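Peer 1: My questions will all concern the structure given below.
The values are calculated or read from the model by the stated rules, or taken from the named source; none is laboratory data. Keep in mind the model is a prediction, meaning the values are calculated, not measured. When we count neighbours, we look across all protein chains shown, and the Cβ atoms used for this are built from the backbone with ideal geometry, even at glycine. Accessible surface is based on the protein model in full, side chains and every heavy atom, while ligands, DNA and RNA are left aside. Shrake-Rupley method; radii C 1.70, N 1.55, O 1.52, S 1.80 Å.
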Amino acid sequence: MTDLPFENVFAGRRVLVTGHTGFKGSWLCAWLLKLGADVTGFALPPATSPCHFDLLGLEGRMRHIVGDLRDPAAVMAAVEAAKPEIVFHMAAQALVRYSYDEPVETFDTNVMGTVHVLDAVRRVGGVKVVINITSDKAYDNKEWIWGYRENDPMGGRDPYSASKGAAELVFHAYAQSFLNPAGILSASVRAGNVVGGGDWAADRIIPDCIRAIERGEPVFLRNPTAVRPWQHVLEPLGGYMMVASKLMVGARGIETGEGWNFGPSARDCQPVIRLAEAVVAHWGKGSVEVAPATDAKHEAHLLRLNCDKSNNILGWWPAWRFEDTMRETVGWYKAWSEGRPVWDITMDQIAAYERAFCAANAPEAV
């Protein structure tokens, strides 16, 4: 088996993760700890109970700092305390429909929060690499069949999408004006709809499915034909770490200050109804019904990413197909419901993904 391309880069490195109490952040911290990194997190307290962060016992495994991105002094203090060599800025208000209810909070967190992190990075010193995590929804979505490329325009019809597009503009300005001149290497990374075990957020399809099954109720879908680039959470996280590691070691052809897409192949972009039916099938019980939303909140119907740049320049390829993703995701929740330790479940899935990643990215497989 080929070694992970970032197998030895993070060992002993000081890494700061904003948003570490969230779904993606907790998976990233667990993986970084497995790789031997010295991890500090900065975020609000966990938003759900149960939550992946608590079940992993991460507060006792890493430096845990509670704070708000909207407070520049708190962000600065966290960066000073962590003294990071690598920063993954992941914290955000991440829910599309919530952004209609709280647009000011969404813009303040996602736009000014990014300003506060990047400004602290450039002022504190010592940071070698910063990875800014936004979203596929940062693109100006035309609802067309082609995947968006890294040089397509940013935009957004809803507050969440617009805030992510604006965060991309903030990143670009800071990279050109401050980070590049200071020798701080950087990248902005965009991923599609991530799923996986340990997500209990409101208004997300997998948690909604799991909650409905646990209550013995049908899974109700408001937008069953909407097509999304579903991928397991470990897919983009591996991409983010791959970018960071290649910047750290000065890999040829990996330029600083650029954007990178991470998403599944076109054949793994599936409608919502197929995902819900897969959850029910893998769980072994439940049902799916269509119940259109009664409100007028707009949600994109079709959104895909073009990942040619990550495939051909970075050397990143997805490791798990749609069915693999659904099997692993539902398997995580079933193992948790049966009382298995969450740290063991999560570490086993990371190890399984590492094996699949190495196989998918071996020279003969690409």
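Peer 1: For segment 174-192, what are the residues that are in contact with a helix residue (DSSP H, G or I) (Cβ under 8 Å, 6 or more places away or on another chain) and not in a helix (DSSP H, G or I)? Explain how you work it out, then say what you get.
Peer 2: Pass one, segment 174-192, residues in contact with a helix residue (DSSP H, G or I) (Cβ under 8 Å, 6 or more places away or on another chain): 174, 178-179, 182, 184-192.
Listed by number, the residues that qualify are I184, L185, S186, A187, S188, V189, R190, A191, G192.
Peer 1: So for segment 168-188 (the condition being touching a Phe, Trp or Tyr at 6+ places or on another chain (Cβ under 9 Å), in contact (Cβ under 8 Å) with a residue 60 or more places away in the chain, surrounded by 22 or more Cβ atoms within 10 Å (Cβ to Cβ) and among the polar types (S, T, N, Q)), does at least one residue qualify?
Peer 2: yes
Peer 1: Also: Take the residues in segment 114-134 that are touching a residue at least 60 places away in the same chain (Cβ under 8 Å) and part of a helix (DSSP H, G or I), then tell me which one is most open to solvent (accessible area, probe 1.4 Å).
Peer 2: Keep residues of segment 114-134 that are touching a residue at least 60 places away in the same chain (Cβ under 8 Å), which gives 117-118, 121-122, 128-129, 131, 133.
Going one step further and asking which of them are part of a helix (DSSP H, G or I), we end up with 117-118, 121-122.
Working: V117: 3, L118: 0, V121: 1, R122: 78 Å².
It comes out as R122.
Peer 1: I've got another one for you. Of all residues in segment 93-109 being assigned to a loop (DSSP other than H, G, I, E, B) and either touching a Phe, Trp or Tyr at 6+ places or on another chain (Cβ under 8 Å) or at pLDDT below 95 (or both), which is surrounded by the fewest Cβ atoms within 10 Å (Cβ to Cβ)? Explain how you work it out, then say what you get.
Peer 2: Let us first name the residues in segment 93-109 that are assigned to a loop (DSSP other than H, G, I, E, B), namely 93-95, 102.
The next check asks that each one be either touching a Phe, Trp or Tyr at 6+ places or on another chain (Cβ under 8 Å) or at pLDDT below 95 (or both); those that pass are 93-95.
Details: Q93: 21, A94: 22, L95: 17.
Once the filter is applied, the top-ranked residue is L95.
Peer 1: Turning to a different aspect of this structure: Would you confirm whether any residue within segment 228-235 is open to solvent by 40 Å² or more (accessible area, probe 1.4 Å), in a loop (DSSP other than H, G, I, E, B) and in contact with a Pro (Cβ under 7 Å, 6 or more places away or on another chain)? Let's see the steps before the verdict.
Peer 2: Step one: filter segment 228-235 for residues open to solvent by 40 Å² or more (accessible area, probe 1.4 Å), giving none.
No - not one qualifying residue is present in segment 228-235.
Peer 1: Can I ask one more? Taking G198 as meeting all but one of (1) buried (at least 17 other Cβ atoms within 10 Å of the Cβ); (2) out of contact with any Pro (no Cβ under 7 Å at 6 or more places or on another chain); (3) modelled with pLDDT of 95 or more; (4) not in a loop (DSSP other than H, G, I, E, B), write down the number of the exception.
Peer 2: (4)
Peer 1: Out of the residues in segment 248-270 that are of a type in the set (D, E, K, R) and free of Cβ contacts under 8 Å to residues at least 60 places away in the same chain, which is nearest to R215 (Cα to Cα)? Working first, answer last.
Peer 2: Taking segment 248-270 as the starting set, the residues that turn out to be of a type in the set (D, E, K, R) are 252, 255, 258, 267-268.
Of the ones still in play, those that are also free of Cβ contacts under 8 Å to residues at least 60 places away in the same chain are 252, 255, 267-268.
On the way: R252: 53, E255: 50, R267: 32, D268: 29 Å.
The selected residue is D268.
Peer 1: Evaluate the following for V290: is it modelled with pLDDT under 95, under 24 Å from P271 (Cβ atoms) and either of a type outside the set (D, E, K, R) or open to solvent by 20 Å² or more (accessible area, probe 1.4 Å) (or both)?
Peer 2: Numbers: modelled with pLDDT under 95: yes; under 24 Å from P271 (Cβ atoms): yes; either of a type outside the set (D, E, K, R) or open to solvent by 20 Å² or more (accessible area, probe 1.4 Å) (or both): yes.
Against the criterion (modelled with pLDDT under 95, under 24 Å from P271 (Cβ atoms) and either of a type outside the set (D, E, K, R) or open to solvent by 20 Å² or more (accessible area, probe 1.4 Å) (or both)), V290 qualifies.
Peer 1: Which of the following residues is assigned to a loop (DSSP other than H, G, I, E, B), open to solvent by 10 Å² or more (accessible area, probe 1.4 Å) and over 22 Å from P264 (Cβ atoms): R211, R157?
Peer 2: Details: R211 fails: assigned to a loop (DSSP other than H, G, I, E, B).
Of R211, R157, the one residue that is assigned to a loop (DSSP other than H, G, I, E, B), open to solvent by 10 Å² or more (accessible area, probe 1.4 Å) and over 22 Å from P264 (Cβ atoms) is R157.
Peer 1: How do the pairs read when you match residues in segment 271-287 that are closer than 15 Å to F322 by Cβ with residues anywhere that are open to solvent by 50 Å² or more (accessible area, probe 1.4 Å) and assigned to a helix (DSSP H, G or I), using Cβ under 7 Å and keeping only pairs 6 or more apart or on different chains?
Peer 2: H282/R327
Peer 1: Now for a different question. Inspect all residues belonging to segment 225-238 and state whether any of them is touching a residue at least 24 places away in the same chain (Cβ under 8 Å), within 20 Å of V111 (Cα to Cα) and under 18 Å from the mean Cα position of the chain (by Cα). First the steps, then the outcome.
Peer 2: Residues of segment 225-238 touching a residue at least 24 places away in the same chain (Cβ under 8 Å): 225-238.
Narrowing the set further to residues that are within 20 Å of V111 (Cα to Cα) leaves none.
Checking segment 225-238: not a single residue is touching a residue at least 24 places away in the same chain (Cβ under 8 Å), within 20 Å of V111 (Cα to Cα) and under 18 Å from the mean Cα position of the chain (by Cα).
Peer 1: Here is a check on your reading of the model: is V330 in contact with a Leu (Cβ under 6 Å, 6 or more places away or on another chain) and at pLDDT 95 or above? Spell out the reasoning first.
Peer 2: Working: in contact with a Leu (Cβ under 6 Å, 6 or more places away or on another chain): no; at pLDDT 95 or above: yes.
No: the conditions fail for V330.
Peer 1: Going through segment 47-78 one residue at a time, which ones are open to solvent by 30 Å² or more (accessible area, probe 1.4 Å), under 15 Å from L28 (Cα atoms) and not acidic (D, E)?
Peer 2: If the condition is that a residue be open to solvent by 30 Å² or more (accessible area, probe 1.4 Å), under 15 Å from L28 (Cα atoms) and not acidic (D, E), then L55, G57, R61, R63, H64 are the ones that fit.
Peer 1: Right, A244: more than 18 Å from V189 (Cβ to Cβ), modelled with pLDDT of 95 or more, open to solvent by less than 10 Å² (accessible area, probe 1.4 Å) and of a type in the set (A, V, I, L, M, F, W, C) or not? Step through it out loud before you land on a result.
Peer 2: On the way: more than 18 Å from V189 (Cβ to Cβ): no; modelled with pLDDT of 95 or more: yes; open to solvent by less than 10 Å² (accessible area, probe 1.4 Å): yes; of a type in the set (A, V, I, L, M, F, W, C): yes.
It is false that A244 is more than 18 Å from V189 (Cβ to Cβ), modelled with pLDDT of 95 or more, open to solvent by less than 10 Å² (accessible area, probe 1.4 Å) and of a type in the set (A, V, I, L, M, F, W, C).
Peer 1: I'd like to check which strands (runs of 3 or more DSSP E) are fully inside segment 1-86 and have at least 3 residues that are under 18 Å from the mean Cα position of the chain (by Cα), within 30 Å of A359 (Cα to Cα) and of a type in the set (V, I, T). Give the derivation first.
Peer 2: Numbers: elements: 14-18, 38-43, 63-66.
Ranges flagged: none.
Peer 1: How many residues are outside any loop (DSSP other than H, G, I, E, B) and open to solvent by 40 Å² or more (accessible area, probe 1.4 Å) if we restrict to segment 260-279? Outline the logic, then answer.
Peer 2: First, pick out the residues of segment 260-279 that are outside any loop (DSSP other than H, G, I, E, B): 260-262, 266-268, 270-279.
Next, from what is left, pick out any that are open to solvent by 40 Å² or more (accessible area, probe 1.4 Å): 266-267, 273-274, 277.
Residues in segment 260-279 being outside any loop (DSSP other than H, G, I, E, B) and open to solvent by 40 Å² or more (accessible area, probe 1.4 Å): 5 in total.
Peer 1: Can you find a residue in segment 274-281 that is at pLDDT below 95 and among the basic types (K, R)?
Peer 2: Keep residues of segment 274-281 that are at pLDDT below 95, which gives none.
So far as segment 274-281 goes, no, none of its residues is at pLDDT below 95 and among the basic types (K, R).
Peer 1: If D140 passes every condition in (1) closer than 29 Å to P46 by Cβ; (2) surrounded by fewer than 24 Cβ atoms within 10 Å (Cβ to Cβ) but one, which one does it miss?
Peer 2: (1)
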